[in-house]
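Structure provided below as structure tokens; questions to follow.
The values are calculated or read from the model by the stated rules, or taken from the named source; none is laboratory data. Please read these numbers as outputs of a predicted model, since none were measured by experiment. FYI the Cβ positions are ideal-geometry reconstructions off the backbone, even for glycines, and counts take in every protein chain you see. Side chains included, ligands, DNA and RNA excluded: accessible areas come from the protein's heavy atoms. Shrake-Rupley method; radii C 1.70, N 1.55, O 1.52, S 1.80 Å.
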Amino acid sequence: MTIGPTTEPAAVATGDSASIASGTASVATRTYRFFRYNMKITIGLFLVSIIVGFGYIGPFFVDLELAEVGMVLPPGQAPSAEHWLGVDANGRDMLAWLIDATPDSLKVGVMAGALGVIIGASVGFVAGYYGGWIDTVLRTVTDIWLAIPGLLVLIVLASMVDVLTLEQMALVIALFAWMGAARVIRAQVLTLRERQYVEIARMSGENGMYIVFLELMPNLMPFLLAAFVGSLIGSILAAIGLEFLGLGATHISTLGNILYWQNFYNAVIRGMWWWWGSPIVIFVVLFAGLFIASIGLDEWANPRLKERS
């Protein structure tokens, strides 16, 4: 008796392909719905993506060598068809300089913001979950740190180092970027630690770190994202302040250093509006996007805010 070839493997493969395609379509649908019904997050991310694209895609269209000092360009030129954003007092093309400076400014903010949230979230989780004297000590330290004038201390710390690298500046800024995240996460952990699923995990013999990282943290991701955006805004502002005072990484092109040099060469008095106006436009778009996204993340984490608005 001849047995014909079976078609089951092909059917299984077809079924797997169909399930994968269905899963991909489902993820795409959920992603679309999320951004469709969270317009503030969508608008904020769109504005931020404009600045990110400007800094990271711009080098493919503009020669960054034009941002170097000593290029043979007539200094102080106003915006023209040849130089869209003009030329500074040292003959640097402003468009090329801005494109060169934007990624490093974003890098400092992301590093400092991420480190600040990691420190703050760790403090908040430990204080909120364990409570007792641990909570009292960590809460007291956080409140004392909040009372310290951060910018003044940052200026003193930065002035003690001859040449700051981006990583060192991010570390210095992160020292004063963690307190807000610590307070927000602690408050949320206090409300979650008595939930039934936490009690079940505790009665099952799971240790505190397991409960914190695998039970509590996934439920607080919206709050962590919102805290990161807030920390990112504060970190970029702190970096700009240090760089404008000449205490940042002066050997690296950043948006804050552009403002420092325009102030050094009296661009405002000389009427070179394109020198100081261009980075300010970038700041406005960036901070508007981050602020709108932060509001959207707060509403996503706390639906009652969305209902009230």
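Go through segment 107-140 residue by residue and tally those that are open to solvent by 20 Å² or more (accessible area, probe 1.4 Å) and under 16 Å from ALA177 (Cβ atoms). Can you show your working first?
Residues of segment 107-140 open to solvent by 20 Å² or more (accessible area, probe 1.4 Å): 107, 110-111, 114-115, 118-119, 122-123, 126, 129-130, 132-134, 136-140.
If we keep only those that are under 16 Å from ALA177 (Cβ atoms) too, we end up with 107, 110-111, 114-115, 118-119, 122-123.
Looking only at that region, the number is 9.
Condition first: of a type in the set (Gly, Ala, Ser), in contact with a strand residue (DSSP E or B) (Cβ under 9 Å, 6 or more places away or on another chain), closer than 17 Å to PRO279 by Cα and assigned to a loop (DSSP other than H, G, I, E, B). Can you find one or more residues in segment 81-95 that meet it? Quick ask: steps written out before the conclusion?
Of the residues in segment 81-95, the ones of a type in the set (Gly, Ala, Ser) are 81, 86, 89, 91.
Filter again for in contact with a strand residue (DSSP E or B) (Cβ under 9 Å, 6 or more places away or on another chain), leaving 86.
Imposing the further condition that a residue be closer than 17 Å to PRO279 by Cα reduces the set to 86.
Imposing the further condition that a residue be assigned to a loop (DSSP other than H, G, I, E, B) reduces the set to 86.
Yes, segment 81-95 contains a residue that is of a type in the set (Gly, Ala, Ser), in contact with a strand residue (DSSP E or B) (Cβ under 9 Å, 6 or more places away or on another chain), closer than 17 Å to PRO279 by Cα and assigned to a loop (DSSP other than H, G, I, E, B).
Can you confirm whether segment 59-70 contains a residue that is more than 24 Å from ILE252 (Cβ to Cβ), free of Cβ contacts under 8 Å to residues at least 40 places away in the same chain and among the β-branched types (Val, Ile, Thr)?
Initial filter on segment 59-70 (more than 24 Å from ILE252 (Cβ to Cβ)): none.
Checking segment 59-70: not a single residue is more than 24 Å from ILE252 (Cβ to Cβ), free of Cβ contacts under 8 Å to residues at least 40 places away in the same chain and among the β-branched types (Val, Ile, Thr).
Another question, if that's okay. Does any residue of segment 147-165 turn out to be part of a helix (DSSP H, G or I), among the acidic types (Asp, Glu) and either in contact (Cβ under 8 Å) with a residue 60 or more places away in the chain or more than 24 Å from ALA301 (Cα to Cα) (or both)?
We begin by selecting, within segment 147-165, every residue part of a helix (DSSP H, G or I); these are 147, 150-159.
If we keep only those that are among the acidic types (Asp, Glu) too, we end up with none.
No: zero hits.
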